[in-house]
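The values are calculated or read from the model by the stated rules, or taken from the named source; none is laboratory data. Treat the numbers as computed from the prediction; the structure is a model and nothing was measured. Glycine gets a Cβ as well: all are built from the backbone with ideal geometry, and neighbour counts include every protein chain shown.
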Amino acid sequence: MTTLNPALRLRRAARIIVLDAETRALMFRYDVPERDPFWVTAGGEVDPGETFEDAARRELFEETGITADPGPQIARMTPEFVTVEGEPVQADERFFLVRVADTQVSTDGHTALEQQVMTQHRWFTLGELETWHEAVYPVELAEMIRSQTAT
């Protein structure tokens, strides 16, 4: 059983691990003032009344332009962190895996804040995820991917 911190707002989020045909993962670089750069998967907060699956589908399209079924949840994490807006939260993050044939990404659906802080995107090999010189979240991402793929 996961213990959540009742002193923090619970931030429910859907995270999407997008893999291409070469099992490379799509990651977004965040450059937030007064913080070191970091890379994360596509995804974001679940809207009121929305399921994690619906949020995964919506976030995938908004952040990448990709329309796809997120499939079943493959992992859950409950980290505490500070959002890009500066709010300390207790997260309830559900992870979904999506495979794509086309590596074309559209950031046209990004919000004004996303346009400001999501400065790059790229496809990472599993080795790069494990050895990248900047923070990659979740830290266990390469292991999560390996547990779901034949590579």
Which residues, counting only those in the range 122-131, are touching a strand residue (DSSP E or B) at 6+ places or on another chain (Cβ under 9 Å) and either at positive phi or surrounded by fewer than 16 Cβ atoms within 10 Å (Cβ to Cβ) (or both)? Arg122, Thr125, Glu130
If I filter the range 70-91 for residues that are among the hydroxyl-bearing types (Ser, Thr, Tyr), buried (at least 17 other Cβ atoms within 10 Å of the Cβ) and at negative phi, do I get at least one hit? no
Out of the residues in the range 31-57 that are of a type in the set (D, E, K, R) and over 13 Å from the mean Cα position of the chain (by Cα), state the one that is farthest from Thr149 (Cα to Cα). Glu34
Can you list residue pairs whose Cβ atoms sit under 9 Å apart, with the first residue in the range 132-145 being surrounded by fewer than 19 Cβ atoms within 10 Å (Cβ to Cβ) and the second being among the acidic types (Asp, Glu)? Count only pairs 6 or more apart in sequence or on different chains. Glu134/Asp36; Ala135/Asp36; Pro138/Glu93; Glu143/Glu130
Please verify whether the range 9-30 includes one or more residues that are over 15 Å from the mean Cα position of the chain (by Cα), in a strand (DSSP E or B) and either buried (at least 22 other Cβ atoms within 10 Å of the Cβ) or on the phi < 0 side of the Ramachandran plot (or both). yes
Looking at the range 89-151, what helices (runs of 4 or more DSSP H) fall wholly within it and have at least 1 residues that are of a type in the set (Gly, Ala, Ser), at pLDDT 95 or above and under 16 Å from the mean Cα position of the chain (by Cα)? 141-148
Looking at the range 68-77, which of its residues are of a type outside the set (D, E, K, R) and within 10 Å of Val98 (Cα to Cα)? Ala68, Pro70, Gly71, Pro72
